[in-house]
Structure formats: structure tokens, C-alpha cells
Amino acid sequence: MNQSVDALRARFGEAIQDHHVSCGDTYVYVDADKVYEILNWLKEEPGQEYDYLVDVTAVEYRDPEPPLEVVYELFSHPRKVPLRLKAKLEKEGDLEIDSVVSIWHGADWLEREVFDMFGIKFRNHPDLRRILMWETYDEGYPLRKDFPLRGRFSRSEQVRRVLKGNPETNYSVEEISIAKDNTSIPDDMRQRLLRGESGNIPDSASEADRV
Amino acid sequence: MGLDNMDSGSSDIVSSVSPNWLTTKLDFLVNWGRSNSLWPMPFGTACCAIEFMATAASRYDIARFGMERMSFSPRQADVLLCAGRLPYKLAPVIRRIYDQMPQPKWVISMGACASSGGIFDTYSMVQGIDTIVPVDVYVPGCPPRPEGLLYGILMLHKKIRGETLADASLRDEKELDDSGLIMPASLMDELAEPFGNSIHQTRSE
């Protein structure tokens, strides 16, 4: 067992729920409200030094009763030790948890993916948008168990909605603002990035008119 | 024979057969030219694109069919070759590429995924690119071998040789209709229905 478990219990007490070891990996369940505090401590505390956030993901189990779990996969480069933290979120609740982007910047896209696929909102995330699906996608969160495998809409409705959108909606605001500042790219490309071919990024699918 | 002699010699040959002319059908000539210089717009999204690259490389060599000039700009392309699965996120992209291609233009759907969605009967995948753009030739396979793609290309040649300039409707742009689709919604739903093994994948319905 990873000795960080005892250190976590000594430091955070009740906020650390149960733990177990499976196939050599240590799983620690922690309070969802304390996730930021605990992960920050694990990174900064001498003797812990989990400086690398390998992955953030989530799990929803087949049975309806178990809550959703947000999984944090940590690794300490100085100590060569992995650690897996899980935080439970009740399905009926808000599905909100603190973002850890300010601790590991690499959590940015990982948390966006969890938001995209599970609908879990990360408080204080700097740019919480869908990352795999397009931003105007409104069929729900594909990896939730109540999401039908083929999507909620009929195939023709899916095609109709997607053809209504324009490809420029896939540019992020950042990419467009790069176009504003960067003088080395060709003028027409900068203009296109600034406007999109049909205007600005639409707020919703209904405003996304096809060119 | 030196280079000096070449000039006088070749002009002799030319003068002996000039003026050059031949009689043929205009359709035959135009279709011969079109079918033997199809410039592909490669839209490769998955493993089919690897087979397409193999087809383009020296062993299979699509230069034999006048296709070695890949047109990475749709505006200089004749045939859109969708090699691989098409997610919904790319659907407006391939539609715009198709719209940007000038007539005459054709579309080859390469592989199971481009033709029908293949094994990806899911929320994110277009169930056949013929729901987005009109398709001329479907090449089955997962992925098709280069021979399969070449067979499809030769079928497209055959189709082109059967066309006629008299029928202007062949060159009509197949634009999206008022409903925003290229076919009636009911037909599209029918085309995109699960088939084969995937009808059993209804766990989350």
C-alpha cells in the first residue's frame, strides 16, 4: 500500500474515506468538496511531491445506485510512485467539483473532456467548453449511462443540425484572438479566422447559419 | 544519330502526316480525357487512407490512371475520395469541400465506414457519406486492398465513359434542400438504420 494514505488520513482525517489496493494500485476515496485542498497538498507537501497529473477521468457504473466517480491519476517523478484518487458525486446532485487547473495546468483539457463526456462541471475552470464534440452539440453527455448509443436525435435530425453549423465554429476564441495579434499569417487567413466565413461563433445551434 | 539530325528528321515525319486530324464522337473524346486524368481530392480520415497511400505509391501506382496528382485544394479536384470514417464533426467540412469542387466532379466512398458507418453505429459517426454528399462509387472493405480501390476507380472510369454532354443534368449541383438535407429525412433514417450485427447493440436504448 502507498504510504501516502496514512499521511492523508493524518492530515485530512474525515475527508479521506476508505481505500483499497488492487493489482498493486492504491485507490483512495476522498470527499469531493476537499479535492482541491487534498490534491494541492499532495503536490506541494515535501515527502509527497506528486508533481504529475497523469489523467483526470470519470466513471459511471451500470447499476443506477452507485454515484459517479471522478478519478485523478497522480504520479510522483522524484519518488517514482503512482496514486489514484477518486471522488464520488451523487447523480442527483449538481455534478460539480473544483477544478485543479491552477495546480496542474495540464488538467485543462482533461477536465474539458470529462465535462464533454459526463457533464461534470469543474468550478473555476478557465475555459470549460466541450472539447471532443462541437460546442453547439446539444444531445447531452455521451458517456452517461442514460445516453442512447446512437444519440438522442434521429439520424436525419443529427445530419440536419450538423450541416447547419459551419466548420469555423470549431475554432476556439483563443485561435481567433491569435489571428488578431499575429501579423505573420496571410491577411486573408487572418480575416477569415477573425470573422469565420459567416460571422462570429454562434451562441447556439439555432444561430449557426450555413454559408 | 546525333542531335543535329533530330530536328530535320522529326520535321520530316510531322510534315509527312500533317495536317493532323481525326474523326470521333465528342462525348468519347471528352469522356476519354476526363476519365484518364481524374485528379483526386484525398479526404483521408482513417486506416483506409493508408491503403489509399499504398495505392498511390509505386507498387500499385495510380499514375497509370492519370491520378498521381493529388489535389489538396478542392478547387482543382475532379474526384472526392473519402477514405475512412466520417464523424459528424467533419460532416460540414466534407460538405463544404464538395461544394467548392467545380463540375464535373465525382465522389468515391472508400471502405465500410465511409459507405455505411461500418462498425461505428454510434452517436458520433455519419452512417454513410451518401447522407452528406452524393456518391458515385462505393468500395467495400475494411480497409479495401489497393486492388479493390483500383477496381472502384476503373468502375468510375466506366461510369464516366457512359456519360454524355447532351445531358446537362449530370452536372447539376446537388445542393441541400429546404430541410437542410440532400434527401428526404425518412429516406435518410431508413438508410442509416442499424443492420447486421449492430441491431443487437441496443443496451442503452
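FYI, it's all coordinate maths here, none of it is from the lab. What you see is a predicted model; the values in this text were computed from it and never measured. With ideal geometry, Cβ positions are generated from the backbone for all residues, glycine too; neighbour counts draw on all protein chains shown.
Residues with beta-carbon under 15 Å from that of B:PRO140, excluding B:PRO140: net charge, scoring Lys, Arg +1 and Asp, Glu -1? Charge balance near B:PRO140 sits at -2. For segment A:1-124, the equivalent ellipsoid derived from the alpha-carbon gyration tensor has semi-axes of 22, 17, 13 Å in decreasing order.
Based on Cβ point charges of +1 for Lys and Arg and -1 for Asp and Glu, what charge dipole magnitude is obtained for segment A:4-142 about its Cα centre, in debye rounded to the nearest 20? Write out the running numbers ahead of the final one.
On the way: 16 positive and 30 negative charges, 89 e Å.
Approximately 420 debye in magnitude.
Taking Lys and Arg as +1 and Asp and Glu as -1, the other residues whose beta-carbon sits under 12 Å from that of A:LYS86 total -3.
Segment B:39-145: D in µm²/s via Stokes-Einstein (Kirkwood Rh, Cα pairs, 10 °C, 1.306 mPa s)? Display every interim value, and only then the final one.
Numbers: Rh = 13.6 Å.
Value of D from the Cα-based Kirkwood radius: 117 µm²/s.
Among B:PRO143, B:PRO19, B:PRO87, the largest mean-square fluctuation in a Gaussian network model of chain B, built with springs joining Cα atoms closer than 10 Å, belongs to B:PRO19. Within chain B, the longest segment free of exposed loop sites, counting chymotrypsin sites (Phe, Trp or Tyr not before Pro) that fall outside DSSP classes H, G, I, E and B and have at most 13 other Cβ atoms within 10 Å, spans B:73-194. Listed by chain and number, the lysines whose C-alpha is less than 20 Å from the C-alpha of A:LYS91, apart from same-chain residues fewer than 8 away, are A:LYS34, A:LYS121, A:LYS145. The calculated P(r) of chain B, using every Cα pair and 5 Å bins from 0, goes 1, 7, 13, 16, 16, 13, 10, 7, 5, 4, 3, 2, 1, 1, 0, 0, 0 in percent. Partner lysines whose Cα lies under 21 Å from the Cα of A:LYS80, excluding those fewer than 8 positions away in the same chain, are identified as A:LYS43.
Placing +1 on the Cβ of every Lys and Arg and -1 on the Cβ of every Asp and Glu, with no other charges, gives chain B a dipole of roughly 380 debye about its Cα centre.
Select from segment A:87-154 those GluC sites (Glu not before Pro) which occupy a DSSP coil region and have at most 12 other Cβ atoms within 10 Å, ordered by residue number. Answer by residue number: A:GLU90, A:GLU92. If you count Lys pairs in chain B whose Cα atoms are under 22 Å apart, skipping same-chain pairs closer than 8 places in sequence, the total is 9.
Expressed to the nearest 5 percent, the antiparallel share of DSSP beta bridges inside segment A:4-142 is 75 percent. Short-range pairs are left out: with C-alpha atoms under 8 Å and at least six residues apart, the relative contact order of segment B:57-193 is 21 percent. Remark: spin-label model distance A:TRP109-B:TYR151 equals 4.0 nm, labels positioned 7 Å along the Cα→Cβ axis.
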